[in-house]
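Visitor: I have a structure here, written as structure tokens, and I will follow up with some questions on it.
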Amino acid sequence: MLKQIIACCLLSFIHVFAQAQSLKSGFEALRVYDFFKAKQIFTSKLKKEPAASNYGLALIHVDHLNHFYSLDSAFNRITKAEKAFQILDSTKQLKYIVYSLSDSAIQHIKSRIYSNAFASAQKINIPEYFQYYIDYYVGSPLSDEAKRLRNQRAFQRADSLNSAKGWELFLNKYPDSEQAKQAANNLDDAQYREETSSQTLEDFEKFLANRPLSKHKQDAEDAIYSLSITKIAVEDLYAFSKKYPDNRNTNQAWEQLYDLYTSDQRKESFTAFKENYPEYPFQDRIQYDFQLSGTRLFPVVHNDLWGYADSTGRVVIPFQFEEAEDFSENLALVRIHNKIAYINKSGIRLVQPNWNDGEAFSNGLAIVEKDDKYGIINTRGELILSNNYSNIIGPEAGFYSIEKDSLWGFLNLKARIIVQPIYQEVQMFSEGLAAVKRDGKYGFIDYTGHEIISFKFDDIGDFKDGLSRVMIDDLYGLIARNGTVILPVKYQRIGIFRNGLCRILLNDKCGYVNKGGKIIIPLQTTCASAIQ
């Protein structure tokens, strides 16, 4: 028995010694720049010695003087080495000192990779490469600087084009950039300039119809105003309001009319206004709105009940609600007997407490819920969209998405159905098209609900620069917005475009194609790194 124990111990020692020798020979090969041998040894030891082997491979890939130089691969290996090293006990970690492997050595290599990769990104100096650096080199202390440079360079590119399409692309990609506010202003300017270039009333009407959420809306409304009337007068404002009853600018025109008519702020003027303009659309709101014109009310609480106070702290609406939210479009959501209602600034319930839950008003509409069914009401509490939907999301990007019987569709900002809920899934619109799923397959529809690209894909991506990556039976291809096949669905992988090219994998060989689907760099037997 003792002999067997001794034999087992001896065999274990020999095995450990052989393992150590193998790693040692790999690092010896690395020391004399025999990168091929070192790579072969480290690769063979990845499973049993992941920390040291990945560390050795990282040293190979980070050295720019050899055939295997690849900062992407180096980062991949050093990350794996760090993960494997951290779970080792201290005794095992100490044994790796002979290979100069330690936590500080790993951090040193990572720092070197971060720095060198960032220098490469700076040299190329395009937004796409900075974005790749941010996405791939996770944890880099230079990521914030890379984001700043990415945003700066992308903004410069958009500024050089100074077109609506260019600014839209910038905002879609970098909504949180420090230039986003300026880009949004530039987008509004470009859209307004391009779409109203002839300065006709029809142009401005079309602009408002096409872009109801534009921040440039007021300029278009002012242009319609100036083209529709010859002078600021009660008669002209009234005529304008009558001509454009469905335009949101009509409310502003009514208020301008009110300001002119009641400029003396006398009670008799208010009474005369109501008598002379009975068609004013919000009679039930007008009285206290006139009295509190320009006054802001704030929700306040006392003894677990909510009310509203003005900026001086004076309680204007008594404490009577179980819940109270801020005013939005002169209406506030409150909860009474566990039901929600909407009140005006006089505390009058314009929408009675008939709903279990709801959201603030936006564009004159609010989503409400009762018995797990959702609908949309206007400011008078009228159901614009019946509450028989299991979910309503939005508004976002100019649309609501609606769900009924586990199927999805779209509404416009007036709560009118533009796409019936007939799809298993819907995604946000990108470049004018939305990916939707029907009968287990994906296709694309436009804003009107027309099916632009047929339903034949197992998976599908948003359009970017006019192209979408599609998948059938785990193989990939590329299509254009009109459905034209740019790359047939036969590739194992298709990467993202960088500098006008993307990598492809076909029959385990890598190459590069341009956006026209032409192979620019022929297929090769190996890939420098994983295709993303």
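Visitor: If Gln86 satisfies every condition in (1) open to solvent by 70 Å² or more (accessible area, probe 1.4 Å); (2) more than 30 Å from Lys147 (Cα to Cα) but one, which is the exception?
Guide: Of everything listed in (1) open to solvent by 70 Å² or more (accessible area, probe 1.4 Å); (2) more than 30 Å from Lys147 (Cα to Cα), Gln86 misses just condition (2).
Visitor: Let me ask another. Is it true that Asp465 is open to solvent by 20 Å² or more (accessible area, probe 1.4 Å), touching a helix residue (DSSP H, G or I) at 6+ places or on another chain (Cβ under 9 Å) and of a type outside the set (Lys, Arg)? Break it down stepwise before answering.
Guide: Details: open to solvent by 20 Å² or more (accessible area, probe 1.4 Å): yes; touching a helix residue (DSSP H, G or I) at 6+ places or on another chain (Cβ under 9 Å): yes; of a type outside the set (Lys, Arg): yes.
For Asp465, the condition - open to solvent by 20 Å² or more (accessible area, probe 1.4 Å), touching a helix residue (DSSP H, G or I) at 6+ places or on another chain (Cβ under 9 Å) and of a type outside the set (Lys, Arg) - is met.
Visitor: Please count how many residues of segment 11-55 are of a type in the set (Phe, Trp, Tyr), assigned to a helix (DSSP H, G or I) and modelled with pLDDT of 90 or more.
Guide: From segment 11-55, those of a type in the set (Phe, Trp, Tyr) are 13, 17, 27, 33, 35-36, 42, 55; that's our starting set.
Then drop every residue that is not assigned to a helix (DSSP H, G or I), which leaves 13, 17, 27, 35-36, 42, 55.
If we keep only those that are modelled with pLDDT of 90 or more too, we end up with 27, 35-36, 42, 55.
The total comes to 5.
Visitor: On to the next question. Mind counting the residues in segment 335-358 that are farther than 19 Å from Leu297 by Cβ and assigned to a loop (DSSP other than H, G, I, E, B)?
Guide: 3
Visitor: Separate question: Anything in segment 120-130 that is aliphatic (A, V, I, L, M) and open to solvent by 50 Å² or more (accessible area, probe 1.4 Å)? List them, or say none.
Guide: Going residue by residue through segment 120-130, those that are aliphatic (A, V, I, L, M) are 121, 124, 126.
Answer for segment 120-130, where residues must be aliphatic (A, V, I, L, M) and open to solvent by 50 Å² or more (accessible area, probe 1.4 Å): just Ile124.
Visitor: Another question, if that's okay. Which of the helices (runs of 4 or more DSSP H) contained wholly in segment 192-291 include at least 1 residues that are modelled with pLDDT under 65 and touching a Lys or Arg at 6+ places or on another chain (Cβ under 6 Å)?
Guide: On the way: elements: 201-210, 217-228, 234-243, 249-261, 267-276, 283-291.
In segment 192-291, the matching helices (runs of 4 or more DSSP H) lie at 283-291.
Visitor: Can you name every residue in segment 347-399 that is open to solvent by 40 Å² or more (accessible area, probe 1.4 Å), under 22 Å from Gln427 (Cα atoms) and among the aliphatic types (A, V, I, L, M)?
Guide: Ile393, Ala397
Visitor: Could I ask something else about it? List pairs: first in segment 23-51 and open to solvent by 100 Å² or more (accessible area, probe 1.4 Å), second assigned to a helix (DSSP H, G or I), Cβ under 8 Å, 6+ apart or cross-chain?
Guide: What qualifies is Lys24/Val98; Lys24/Tyr99; Lys48/Gln19.
Visitor: Considering only residues of segment 174-194 that are open to solvent by 60 Å² or more (accessible area, probe 1.4 Å) and touching a helix residue (DSSP H, G or I) at 6+ places or on another chain (Cβ under 7 Å), which is nearest to Asn499 (Cα to Cα)? Give the derivation first.
Guide: Start the filter on segment 174-194 by keeping residues that are open to solvent by 60 Å² or more (accessible area, probe 1.4 Å), which leaves 175-176, 178, 181-182, 185, 189, 193-194.
Among the residues that remain, those that are also touching a helix residue (DSSP H, G or I) at 6+ places or on another chain (Cβ under 7 Å) are: 178, 194.
On the way: Glu178: 24, Glu194: 29 Å.
Looking at the filtered set, the residue picked out is Glu178.
For every residue, the table says whether it meets (1) open to solvent by less than 40 Å² (accessible area, probe 1.4 Å); (2) of a type in the set (S, T, N, Q).
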| site | (1), (2) |
| --- | --- |
| Lys404 | no, no |
| Lys414 | no, no |
| Ala434 | yes, no |
| Tyr442 | yes, no |
| Tyr447 | no, no |
| Ser454 | no, yes |
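The values are calculated or read from the model by the stated rules, or taken from the named source; none is laboratory data. As the structure is a prediction and not an experimental result, all values here were calculated from the model. Note that we place each Cβ from the backbone using ideal geometry, even for glycine, and neighbour counts take in every protein chain shown. We work out accessible area using only protein heavy atoms, side chains counted, and drop any ligands, DNA or RNA first. Shrake-Rupley method; radii C 1.70, N 1.55, O 1.52, S 1.80 Å.
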